[in-house]
Amino acid sequence: MSIDPYNLAGEAAAALKAAAGLDTFDVALVMGSGWVPAADAIGQVVAEIPVTDLPGFQAPAVAGHGGKIRVVRTPAGRHALVLLGRSHLYEGRGVDAVVHGVRTVAAAGVRTIVLTNAAGGLRPETQQVGDPVLISDHINLTGANPITGTTFIDLTEVYSRRLRELAREVDPSLAEGVYVAFRGPTYETPAEIRMLRTLGGDLIGMSTVLEAIAAREASLDVLGVSLVTNPAAGLSGEPLNHEEVLEVGRATATRMGVLLAKVVDRL
Ligand code: HPA
């Protein structure tokens, strides 16, 4: 018999609290590819727990995607759970594995979550590689949904307007955009990118939307931030590769880390 994923997240949350030696946390952050180097700037590391020590987690399959949960104390004395890496739908472990981290931090009592990712920019006219962009809304083209059954969750404001305004108090230059998710792991074709521009997308990636849905199911407030790591396929004439995504993350680590640290301390 398979274990109920919500119960499994409850067990993981209990194990996480025990390993961290803490009973409450103020915020969680999911560090997507390219964001792991930024984690060092968020605060002082209190504990670092390999995800494989917690029920229901598996080591991530992708190089550069971490696989640890850090407990961090911020300069203002807040406690953040920093998830270094995530599971993706394309890894083939199913949608429950993709959202297990979000369900775990929700079960641990977190009320606010920051979801970060690397994304291709669909609007090179206005976007620069290395820019962080606030996610204003999403288009879920993964073909999946973490919720099964008759739970009709409102998605009118998945990405909290209040949290976006707070992020812009920290950095008024932050643009907003609509994030589109494909399942991956292939990058998109130029024809798909033309379609997504027509559909109103601004950013393209392979993560975040399922986690954001699971977070809203658990009534968490969500802030989404994409790091533009490349112009999307066909927009620059260059082929795409994962190494370039990680390199942009390394190059922008300090800026992204400081941004997250300041946002977290204002929550
Ligand atoms: N497409 C999909 N996912 C991505 C991209 C992209 O261009 N860049 C970083 N993650």
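FYI, it's all coordinate maths here, none of it is from the lab. None of the values given here were measured: they were computed from a predicted structure. Cβ: placed from backbone, ideal geometry, glycine included. Neighbour counts: every protein chain shown.
Can you pull out every residue in the stretch 131-173 that is of a type in the set (S, T, Y) and under 29 Å from V248 (Cβ atoms)? Quick ask: steps written out before the conclusion?
Taking the stretch 131-173 as the starting set, the residues that turn out to be of a type in the set (S, T, Y) are 136, 142, 148, 150-151, 156, 159-160, 173.
Once the filter is applied, which keeps residues that are of a type in the set (S, T, Y) and under 29 Å from V248 (Cβ atoms), the stretch 131-173 yields S136, T142, Y159, S160, S173.
Pairs needed: first member in the stretch 118-134, of a type in the set (D, E); second member anywhere, crowded, with 18+ Cβ neighbours inside 10 Å; C-beta distance under 6 Å; at least 6 residues apart or different chains.
Qualifying pairs under 6 Å: D131/V228.
Sort through S219, S173, S236 and tell me the only one that's more than 16 Å from the ligand (Cβ to nearest atom) and over 22 Å from L83 (Cβ atoms). Give the steps one after another, and end with the answer.
Values: S219 fails: over 22 Å from L83 (Cβ atoms); S236 fails: more than 16 Å from the ligand (Cβ to nearest atom).
Just a single option satisfies the conditions, and that option is S173.
Scan T189, T229 and give me the residue that is among the β-branched types (V, I, T) and surrounded by fewer than 24 Cβ atoms within 10 Å (Cβ to Cβ). Working first, answer last.
Details: T229 fails: surrounded by fewer than 24 Cβ atoms within 10 Å (Cβ to Cβ).
Being among the β-branched types (V, I, T) and surrounded by fewer than 24 Cβ atoms within 10 Å (Cβ to Cβ) holds for just one of T189, T229, which is T189.
Determine, yes or no, whether V248 is under 19 Å from the mean Cα position of the chain (by Cα) and more than 16 Å from the ligand (Cβ to nearest atom).
Working: under 19 Å from the mean Cα position of the chain (by Cα): yes; more than 16 Å from the ligand (Cβ to nearest atom): no.
So V248 fails the test.
I'd like to know if the stretch 30-42 contains one or more residues that are surrounded by fewer than 24 Cβ atoms within 10 Å (Cβ to Cβ), in contact with a Lys or Arg (Cβ under 8 Å, 6 or more places away or on another chain) and touching a residue at least 40 places away in the same chain (Cβ under 8 Å).
Quick first cut of the stretch 30-42, residues surrounded by fewer than 24 Cβ atoms within 10 Å (Cβ to Cβ) only: 36-37, 40-41.
Add one more test, that the residue is in contact with a Lys or Arg (Cβ under 8 Å, 6 or more places away or on another chain), and what stays is 37.
Restricting the remaining residues to those that are touching a residue at least 40 places away in the same chain (Cβ under 8 Å) gives 37.
Taking every residue of the stretch 30-42 in turn, at least one turns out to be surrounded by fewer than 24 Cβ atoms within 10 Å (Cβ to Cβ), in contact with a Lys or Arg (Cβ under 8 Å, 6 or more places away or on another chain) and touching a residue at least 40 places away in the same chain (Cβ under 8 Å).
Among the numbered conditions (1) polar (S, T, N, Q); (2) more than 13 Å from L223 (Cα to Cα); (3) in a strand (DSSP E or B), tell me where Q127 comes up short.
(3)
Inside the stretch 197-212, can you point out the residues that are crowded, with 23+ Cβ neighbours inside 10 Å, more than 10 Å from the ligand (Cβ to nearest atom) and not small (G, A, S)?
Of everything in the stretch 197-212, those that are crowded, with 23+ Cβ neighbours inside 10 Å, more than 10 Å from the ligand (Cβ to nearest atom) and not small (G, A, S) turn out to be D202, T208, V209, L210, E211.
Which of the residues belonging to the stretch 109-151 are small (G, A, S), touching an Asp or Glu at 6+ places or on another chain (Cβ under 9 Å) and away from the ligand (no atom under 13 Å from the Cβ)?
G109, S136
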